[in-house]
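The values are calculated or read from the model by the stated rules, or taken from the named source; none is laboratory data. Here the structure is a predicted model, which is why all the values come from computation and not from measurement. Because the Cβ atoms are built from the backbone with ideal geometry, glycine has one as well, and the counts that use them run over all protein chains shown. Ligands, DNA and RNA are stripped out before the accessible areas are found, and what is left, the full protein with its side chains, is counted by its heavy atoms. Shrake-Rupley method; radii C 1.70, N 1.55, O 1.52, S 1.80 Å.
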Amino acid sequence: MTVERSARTALVTGASSGLGAEFAAQLAARGDDLVLVARSGDRLERLAARLRANHKVRVEVIVQDLAEQDAARRISTRLTAAGIGVDLLVNNAGFGSAGHFGEIDAESEREQLMVNVVALVGLTHALVPGMLAKGGGEIINVGSTAGFQPSPYFVTYSSGKAFVLNFSLALRAELGDRGVRVLALCPGPTETAFFDRVGKGAAIGGKTMAPAAVVRAALRGLERNRAYVVPGLGNALSAHLTPRRPRRMIAAMAKRVTRSVVAGDPRPKATLAATDG
Ligand SMILES: NC(=O)c1ccc[n+]([C@@H]2O[C@H](COP(=O)([O-])OP(=O)(O)OC[C@H]3O[C@@H](n4cnc5c(N)ncnc54)[C@H](OP(=O)(O)O)[C@@H]3O)[C@@H](O)[C@H]2O)c1
């Protein structure tokens, strides 16, 4: 039997590629209207046209660089002007970096934090009041297994993702009894364009997963009101078996694993770019 869903609107950041495009596809397939956000307008428009044709849903495109200071405000202004309320926010856009911290381009690291952290918080701030006013809403924040422990050679990326996990858990506890569900999705290595930027050597962790399986796990987790989801048995085991204390020791242990990203490269390029796992 098909369960009828009332029309809902989901906003997905980073929808031009990888996990974001997959979120858009699975959400459209279940009947959600969509707002797609990223910088690559042509890719977003192509995806939007396909989803409108295949699923008869409304799809809006907002081309926005999330590294810009006022990105969240601009998106919020566009939504208000179009009269769009958001029921599900998927804060997915992000990228990584890996290598010797002192040799990674500082500006690129700043941009990473703007996208992975600042824009995520900003959009959540912009959309939560509307959700509370409606009596409910849902948020999926895309973290990473890299966020479960301090990860040398992925210093900025793993720290940003640790923020995403803690932010999500804290917000969930605060808003849970007011009808807003918050889920942190913490994938391990996934087959997307992510590693084009950080390098294949950054794929540390369990078996590489397909984006479709990762997104299915996230939507199932949200349905079940889970606090966080680590898709894949190997990823879940490594995320949960890693001890949390003493913190200094964990960072040293993590270094034994993550140093492979710079092995054999005593003077890595400015941006070897990043991991996951
Ligand atoms: N793939 C993995 O192994 C893995 C594992 C754990 C977590 N993750 C996380 O999953 C999320 C999605 O990544 P992915 O694996 O799907 O990689 P991806 O295929 O490279 O997609 C990244 C998305 O983020 C968007 N984005 C990047 N910089 C942006 C900016 N300045 N402004 C707006 N959008 C921006 C990109 O769009 P434009 O370039 O068009 O702007 C693209 O749509 C990220 O948060 C990543 O950290 C990935």
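Against the test of being over 19 Å from Ala38 (Cβ atoms), assigned to a loop (DSSP other than H, G, I, E, B) and touching a Ser or Thr at 6+ places or on another chain (Cβ under 8 Å), the options Ala93, Ala98 yield a single qualifying residue, Ala98.
Consider Ser168 carefully, then state whether it is without any contact (Cβ under 8 Å) to a residue 24 or more places away in the chain and either open to solvent by less than 40 Å² (accessible area, probe 1.4 Å) or under 17 Å from Ala239 (Cα atoms) (or both). Taking the combined requirement at face value, the residue does not satisfy it.
Note on region 77-116: among residues that are within 15 Å of the ligand (Cβ to nearest atom) and closer than 22 Å to Arg8 by Cα, the one that is most open to solvent (accessible area, probe 1.4 Å) is Arg78.
Within region 182-203, being in a loop (DSSP other than H, G, I, E, B), surrounded by fewer than 23 Cβ atoms within 10 Å (Cβ to Cβ) and near the ligand (Cβ under 10 Å from one of its atoms) holds for Glu191, Thr192, Ala193.
Give the residue that is least open to solvent (accessible area, probe 1.4 Å), with candidates limited to residues of region 36-65 that are more than 13 Å from the ligand (Cβ to nearest atom) and assigned to a strand (DSSP E or B). Only one residue tops the list, namely Val59.
Of all residues in region 117-144, those being within 14 Å of the ligand (Cβ to nearest atom), within 14 Å of Val90 (Cβ to Cβ) and part of a helix (DSSP H, G or I) number 3. Among the numbered conditions (1) touching a Leu at 6+ places or on another chain (Cβ under 6 Å); (2) polar (S, T, N, Q); (3) more than 19 Å from Phe194 (Cβ to Cβ), the only one that Thr80 does not meet is (1). Close contacts from region 7-20, counting a first residue that is closer than 13 Å to Leu34 by Cβ and a second that is of a type in the set (Ser, Thr, Tyr) and open to solvent by less than 20 Å² (accessible area, probe 1.4 Å), with Cβ to Cβ under 8 Å and a gap of 6+ residues or different chains, come to Gly20/Thr13.
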